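Shown next, in structure tokens, is the structure this report addresses.
Read the figures in this text as sums done on the coordinates, not as results from a lab. Bear in mind that the values here come from a model prediction, so they are computed numbers and not experimental data.
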Amino acid sequence: MSSVSRKQLILEINGKVKLSCDLKRHLSPRTVGTIMRSLPLEGNSHLLGQSIVYFETDVDSGIERARTEFVKGDVAFLPSTGSFCFYVGNVKSAKKMTPIGKFTDTDNVLKNVKSGDVLRLYEETT
């Protein structure tokens, strides 16, 4: 259930698999607001090692509440490339990123994403 402070989104992989993802406004209010106004977003997936799946967008937002350490399930935004990063493992990044939310992937579906898969992020409407 979405609220003012938490927005539930769907991360769709190749138009088939759907994962639930929560953007949390209290983590980075300005960035999450910018993202919500930019939805839906779509891009080709890229892999960074075995711990990060990401896709680039044209969302333009500066760094906010920067962190370099993330754990499995975190969602972060990398302002320099407009990338959404989904963590499938614990990572200490060389780049500072903006924390924006969490996803629930109990089946570890993101580990099966291949480079070039189409990722789509949107708010589910009922």
query: List the aspartates and glutamates whose alpha-carbon lies under 12 Å from that of K96, not counting same-chain residues fewer than 8 positions away?
result: E64, E69
task: Check the straight Cα-Cα distances from K7 and name the aspartates and glutamates below 13 Å, setting aside those fewer than 8 residues away within the same chain.
output: D22, E123, E124
message: For the chain, I need the span (max minus min coordinate) of the C-alpha atoms along each principal axis, in Å, sorted largest to smallest.
response: 39, 31, 26
message: Run the reach check for K95 against lysines, Cα to Cα strictly under 23 Å, same-chain hits fewer than 8 apart removed. What comes back?
response: K24, K72, K111, K114
Structure-based [θ]222 nm, the chain - -39500 (n - 2.57) summed over DSSP H runs of at least 4, per residue, nearest 500: -2500 deg cm²/dmol
